[in-house]
C-alpha cells in the first residue's frame, strides 16, 4: 500500500488537523528566519517551505497554516523574515509577497491534490512562485515605479524560484518514498 501525497487528513480528527496546521505555521516561521538581506525584500526559504507544505497538506490546510503564520505576524510575533512582526511588517513593502503566499499555497496544494509526480510538482511550484512574485510586484507599486519594482522585486528572485521549485518537488518525492517504505514495512511480508 503506497502512501499518497498530499496526506489524506480530511477524515483525520480535529486535533490531528489542528496539529498539522500549527506545525505548518511553525515551519513557515522557521523558514522565514533563513533570510539574506536584499534591497527590496529579503531572500528567504519561505516559498520552499510553502510548497513542501502544499504538497504534504493540500490546499485547505496549507491556507490555514499560512493564515495562522500571518496572524502571528499581525499580533507582533517575530515570525517574518529577519525576525519582523507587527502590522508595519505585515503591511510593509513585502505585503504583496506575504499575501501572495496564502493564495499560491492554497492553489498549489489543491493542484497537488489533483496532479502528482516530480515534473507536475515542479510546474505547479513554478506557477506558484510566479503568482507570489506577481503579487509582490503589485504590492511594491505603491512604493516605487514599475521598472524599479520589477528590477528589485521580481528579477532577483527568479533564479531562487527555479531552484526552490526543484528542491520542493524533490523533497516531496523523498517524503513520498519514505511514506511508501513505511507503509510496506507495516504491511509486512
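When the criteria are applied in full, residue 96 fails the requirement of being in contact with a helix residue (DSSP H, G or I) (Cβ under 9 Å, 6 or more places away or on another chain) and either surrounded by fewer than 16 Cβ atoms within 10 Å (Cβ to Cβ) or more than 19 Å from residue 25 (Cα to Cα) (or both). Would region 72-84 turn up any residue that is in a helix (DSSP H, G or I), out of contact with any helix residue (DSSP H, G or I) (no Cβ under 6 Å at 6 or more places or on another chain) and surrounded by 15 or more Cβ atoms within 10 Å (Cβ to Cβ)? There is at least one residue in region 72-84 that is in a helix (DSSP H, G or I), out of contact with any helix residue (DSSP H, G or I) (no Cβ under 6 Å at 6 or more places or on another chain) and surrounded by 15 or more Cβ atoms within 10 Å (Cβ to Cβ). Restricting 179, 107, 98, 172 to residues that are in contact (Cβ under 8 Å) with a residue 60 or more places away in the chain, part of a helix (DSSP H, G or I) and either closer than 22 Å to residue 64 by Cα or within 14 Å of the chain's Cα centre (by Cα) (or both) narrows the list to 172.
When residue 150 is tested against the conditions (1) part of a loop (DSSP other than H, G, I, E, B); (2) more than 19 Å from residue 51 (Cα to Cα); (3) touching a residue at least 12 places away in the same chain (Cβ under 8 Å), the lone failure is (1). Here residue 89 meets each of (1) surrounded by 21 or more Cβ atoms within 10 Å (Cβ to Cβ); (2) closer than 22 Å to residue 163 by Cβ with one exception, condition (2). With respect to the conditions (1) touching a residue at least 24 places away in the same chain (Cβ under 8 Å); (2) within 16 Å of residue 42 (Cβ to Cβ), residue 159 falls short on a single one, namely (1).
Scanning region 36-66 for residues being farther than 17 Å from residue 96 by Cβ, outside any helix (DSSP H, G or I), modelled with pLDDT under 95 and touching a helix residue (DSSP H, G or I) at 6+ places or on another chain (Cβ under 8 Å) gives a total of 2. For residue 8, are the conditions met, namely being in a helix (DSSP H, G or I) and either at pLDDT below 90 or within 14 Å of the chain's Cα centre (by Cα) (or both)? So residue 8 fails the test. The single condition among (1) buried (at least 17 other Cβ atoms within 10 Å of the Cβ); (2) within 24 Å of residue 60 (Cβ to Cβ) that residue 103 does not satisfy is (1). Check whether at least one residue in region 45-59 is on the phi < 0 side of the Ramachandran plot and over 13 Å from the mean Cα position of the chain (by Cα), and report yes or no. Among the residues of region 45-59, not one is on the phi < 0 side of the Ramachandran plot and over 13 Å from the mean Cα position of the chain (by Cα), which makes the answer no. Of the residues 20, 84, 41, 71, the single one that is closer than 27 Å to residue 156 by Cβ and free of Cβ contacts under 8 Å to residues at least 60 places away in the same chain is 84. Here is the figure for region 90-125: residues that are modelled with pLDDT under 95 and closer than 17 Å to residue 21 by Cβ total 2. Scanning region 124-140 finds no residues that are without any contact (Cβ under 8 Å) to a residue 12 or more places away in the chain and more than 21 Å from residue 61 (Cβ to Cβ). Out of (1) more than 14 Å from residue 24 (Cα to Cα); (2) at pLDDT 95 or above; (3) under 14 Å from the mean Cα position of the chain (by Cα); (4) buried (at least 20 other Cβ atoms within 10 Å of the Cβ), what's the single condition that is false for residue 131? Only one criterion is unmet by residue 131, namely (4).
The values are calculated or read from the model by the stated rules, or taken from the named source; none is laboratory data. All figures in this text were calculated on a predicted structure; none of them were measured in a lab. FYI the Cβ positions are ideal-geometry reconstructions off the backbone, even for glycines, and counts take in every protein chain you see.
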